[in-house]
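Working notes, structure below.
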Amino acid sequence: MAQIGQLPDIKLDLRGTPCPLNFVRTKLQLDKMAAGQLLEVWLDGGEPIEQVPESLAIEGYAINAIEERTGFFALLIQKPQDTANATLSASA
């Protein structure tokens, strides 16, 4: 996976946050963001970095990069285009 080179729109520090709460908080933050924006999430090693990216991918989020840093991991996620709302807006 690539290293983080793009500047995120928002950073979310979830170090010390247990699973599945770190996934829930990440998802809630992404729900507030506009399509195409980038979120950088800081996660602990072990279960958080194993589970959160996989869960986000299942939900349709693009994981742009995962970077190992000193004592934690940085995950860069891009919010996808909301095709359901775009379809509704076009037909209205």
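Tabulated values for the structure
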item: Loop trypsin sites (Lys or Arg not before Pro), segment 1-66, which have at most 16 other Cβ atoms in a 10 Å radius of their Cβ (DSSP); result: R15
item: Residues of type aspartates and glutamates that K79 reaches as a straight line, Cα spacing below 19 Å, ignoring anything fewer than 8 places off in the same chain; result: D9, D13, D31, E40, E54, E59, E67
item: Label-point separation, Q81 to K27 (7 Å along Cα→Cβ), nm; result: 2.5 nm
item: Estimated inter-spin distance, K11 and A34, nm [label 7 Å along Cα→Cβ]; result: 2.2 nm
item: Magnitude of the charge dipole, segment 10-81, Cβ model with Lys/Arg +1 and Asp/Glu -1, debye to 20; result: 300 debye
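Quick note: the coordinates plus some simple rules give every number you see, no bench work behind them. It should be emphasised that the depicted structure is a prediction, and the values quoted were computed from it without experimental measurement. Here the Cβ is made from the backbone with ideal geometry for all residues, glycine too, and neighbour counts use every protein chain on show.
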